[in-house]
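Participant: Handing you a structure now.
The values are calculated or read from the model by the stated rules, or taken from the named source; none is laboratory data. Computed from a prediction, not measured in an experiment: that's the story for all the values here. For neighbour counting, all protein chains shown are included, and Cβ atoms are generated from backbone atoms with ideal geometry for every residue, glycine included. For accessibility, only protein heavy atoms count, side chains too; no ligands or nucleic acids. Shrake-Rupley method; radii C 1.70, N 1.55, O 1.52, S 1.80 Å.
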Amino acid sequence: MTKQNIDLLITNIGKCLTLEGPKRARTGAEMKELGEIEKAAIAIVDGKIFAVGTEQEVLEQLKNHAITEQIDAGGALVTPGLVDPHTHLVHGGSREHELALKIEGVPYLEILSRGGGILSTVRSTIEASEQELYDQAWKSLNEMLLHGTTTVEAKSGYGLNLDVELKQLRVAHQLDEKHPIDLVHTFMGAHAIPLEYKEDPERFVDLLINEMIPEVARLGLAEFCDIFCEQGVFSVEQSRRILSAAREHGMKLKIHADEIVSLGGAELAAELQCRSAEHLMATDDKGIQAMKDSGVIGVLLPATSFNLATGKFAPARKMIEAGMAIALSTDYNPGSSPTESMQMVQTCGCLYLRMTPAEVLTATTINAAYAIDRGDQVGSLEVGKKADIVIWKSKNLEYIPYHFGINHVDHVIKAGKLVVNKGQLV
Ligand SMILES: [Zn+2]
């Protein structure tokens, strides 16, 4: 019997952080356990990891196998591809002209009343053709890949009407088909209350429940439903109704909660057993305990806090010490977080959330994968999982968040294929 061909063999890995461990999101001290292997090698067959271990072990296992292609990692650090579990990827336009206003201290509500803010992104997204949205998001996905991200969650939410929400979701599906990065699709029609419903937001809630959610579900365009539960946006009661409707239509749940005010969004996430709750800057001890007890993963967005420059960050240390699982994400969007770089998020996670480089790596790989229900496929380097791998220029993990503001990626392998070579797209 002939032995299986090895499609790709990575040798001379100085340090391989596999993130191997229990088959669930990591909590507490587990977040520091990175499954380190010195002098490692990884073998790939059919886009999946066939063998991972010390170079000696792997080469022994591969005796008599033919090897198609080989990469020498040059003694560098190797980790799983990064997972970005919260982005507003598909949108029209950008909002750089608001930067000077923000610095001058013009309040967000005034920027909004001058036609800026989220409503300007809604307008640009409505006006953009599908091709324009596709082209713009394609460039963002390239940036993400160049910075080591191999799986991304993408939300709709800049249409706020059925047609444009569907347009965003369709574009995300086309991107998923064509781009090397894998996308996870979320419907977030409940991102803001459109101007025309300001006087009667209940009518918009009814529209979401009776028309938008059923149609998105019928077309199979979203795996998750998300909502912005916040004072002045959607109340806890409205969020409960909308998310319950989404669940009845087979969607899994996420919630933007406690970004500004502790309204009870964290408790609602626990009650509905949402897969994840996002932002959580204002969450109190009760909310943390509730999420911990029901296994909700907190997705924290420190680059958003950094960019808003208000000095308010999520209480990550409290969450970790309470035993709650947390992940980190870019929140990539044109308003509060215009960055595709998970390395930037890692630096902010260390400096502002007081997380160690090891905790930050866990939060941007395996825990991020569980936050979007992909923990069984990506987020760690284990036999049978997708071969999504980053070879860094650095030899150690700490150097990456420490030396901030530049790109440390040397090579990216996505599903077994070399897609970034020496910092360039292949
Ligand atoms: Zn968001």
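Participant: Once the cut-off is 13 Å, how many percent of the Cα-Cα pairs in segment 267-342 end up in the long-distance tail?
Facilitator: Here the long-distance tail beyond 13 Å is 63 percent of all Cα pairs in segment 267-342.
Participant: Right, something else. What's the Kirkwood radius of segment 165-231 in Å, using all Cα pairs?
Facilitator: Taking the inverse mean of 1/r over all distinct Cα pairs, segment 165-231 comes out at 13.0 Å.
Participant: Let me ask you something else. Please identify, among ILE255, ILE406, ILE103, the residue showing maximal mean-square fluctuation in a Gaussian network model of the chain using a 10 angstrom Cα cutoff.
Facilitator: Between ILE255, ILE406, ILE103, it is ILE103 that shows the largest mean-square fluctuation.
Participant: Right, here's the next one. Expressed as a whole number of Å, what is the distance separating the alpha-carbon centroids of segment 132-193 and segment 32-66?
Facilitator: So the two Cα centres are separated by 34 Å.
Participant: Viscosity 1.002 mPa s, temperature 20 °C: what is the translational diffusion coefficient of segment 81-214 from Stokes-Einstein with a Kirkwood Rh over Cα pairs, rounded to a whole number of µm²/s?
Facilitator: 135 µm²/s
Participant: On a 0 to 90 degree scale, rounded to 10, what angle separates helix 162-178 from the longest Cα axis of the chain?
Facilitator: On a 0 to 90 degree scale, this one is about 10.
Participant: Same structure again: Starting from the Cα coordinates of segment 1-129, work out the convex hull volume and express it per residue in Å³.
Facilitator: With only Cα atoms used, segment 1-129 gives 233 Å³ per residue.
Participant: In whole angstrom, how long is each semi-axis of the equivalent ellipsoid of segment 164-308, when you take the square root of 5 times every eigenvalue of its Cα gyration tensor and sort them from largest down?
Facilitator: 24, 19, 15
Participant: At a 1.4 Å probe radius, carbon and sulfur cover how many percent of the accessible area of segment 217-354?
Facilitator: On the way: 2480 of 4820 Å².
Here carbon and sulfur together make up 52 percent of the probe-accessible area.
Participant: Please list log₁₀ I(q)/I(0) at q = 0.12, 0.19, 0.30 Å⁻¹ for segment 25-86, using the Debye equation with identical point scatterers on the alpha-carbon positions.
Facilitator: So the normalised log intensities are -0.41, -0.89, -1.44.
Participant: Here is a further query. Could you give me the ³J(HN,Hα) list for segment 251-263, computed from phi with Karplus coefficients 6.51, -1.76, 1.60 and θ = phi - 60°, whole Hz, x at Gly and Pro?
Facilitator: Result, ordered by residue: 8, 8, 10, 9, 8, 7, 10, 6, 6, 10, 10, 7, 9 Hz.
Participant: Can you tell me the equivalent ellipsoid semi-axes for segment 5-55? Use √(5λ) from the Cα gyration tensor, largest first, whole Å. Before the final figure, lay out the partial values.
Facilitator: On the way: eigenvalues 113, 40, 7 Å².
The answer is 24, 14, 6 Å, longest axis first.
Participant: Under 1.5 on a/c is rounded, so check that first for segment 319-398, then, if it is not, pick prolate when a/b is larger than b/c and oblate when it is not; a ≥ b ≥ c are the square roots of the alpha carbon gyration tensor eigenvalues.
Facilitator: rounded
Participant: Under Stokes-Einstein, with the Kirkwood radius over Cα pairs standing in for Rh, what whole-number D in µm²/s applies to segment 74-150 at 20 °C and 1.002 mPa s?
Facilitator: Working: Rh = 14.9 Å.
The Stokes-Einstein estimate is 143 µm²/s.
Participant: Would you mind working out the magnitude of the charge dipole of the chain relative to its Cα centre, with +1 at each Lys and Arg C-beta and -1 at each Asp and Glu C-beta, to the nearest 20 Debye? Please report the intermediate quantities before stating the final value.
Facilitator: On the way: 41 positive and 58 negative charges, 161 e Å.
The dipole magnitude comes to about 780 debye.
Participant: Under a 1.4 Å probe, what is the accessible area of segment 138-230 per residue, stated in Å²?
Facilitator: 35 Å²
Participant: Please report the orientation-averaged projected area of segment 373-426, defined via the convex hull of its C-alpha atoms, in nm². Provide the component values of the computation, followed by the final result.
Facilitator: Numbers: hull surface 18.6 nm².
So the Cα hull casts an average projection of 4.6 nm².
Participant: On to the next question. Taking the inverse of the average 1/r across all pairs of different Cα atoms in the chain, what Kirkwood radius in Å do you get?
Facilitator: 21.8 Å
Participant: Pick out, in residue order, every one of the trypsin sites (Lys or Arg not before Pro) in segment 219-283 that is DSSP loop and has at most 11 other C-beta atoms within 10 Å; say none if there are none.
Facilitator: Of the trypsin sites (Lys or Arg not before Pro), not one in the loops of segment 219-283 has a Cβ with at most 11 other Cβ atoms within 10 Å.
Participant: Only four residue types carry charge here, +1 at the Cβ of Lys and Arg and -1 at the Cβ of Asp and Glu. Report the dipole size of segment 113-163 about the Cα centre in Debye, rounded to the nearest 20. Intermediate values should be presented prior to the final figure.
Facilitator: Details: 4 positive and 7 negative charges, 52 e Å.
With Lys and Arg at +1 and Asp and Glu at -1, about 240 debye.
Participant: Follow-up question, since we're still on this one. So what is log10(I(q)/I(0)) for segment 279-426 at q = 0.20, 0.21 1/Å, when the Debye sum runs over its Cα atoms only?
Facilitator: Debye output, listed in q order: -1.33, -1.41.
Participant: In sequence order, what are the phi-derived ³J(HN,Hα) couplings for segment 107-114 according to the Karplus relation 6.51 cos²θ - 1.76 cosθ + 1.60 with θ = phi - 60°, rounded to whole Hz, with x for glycine and proline?
Facilitator: Once rounded to whole Hz, the list reads x, 4, 5, 6, 4, 4, 5, 8.
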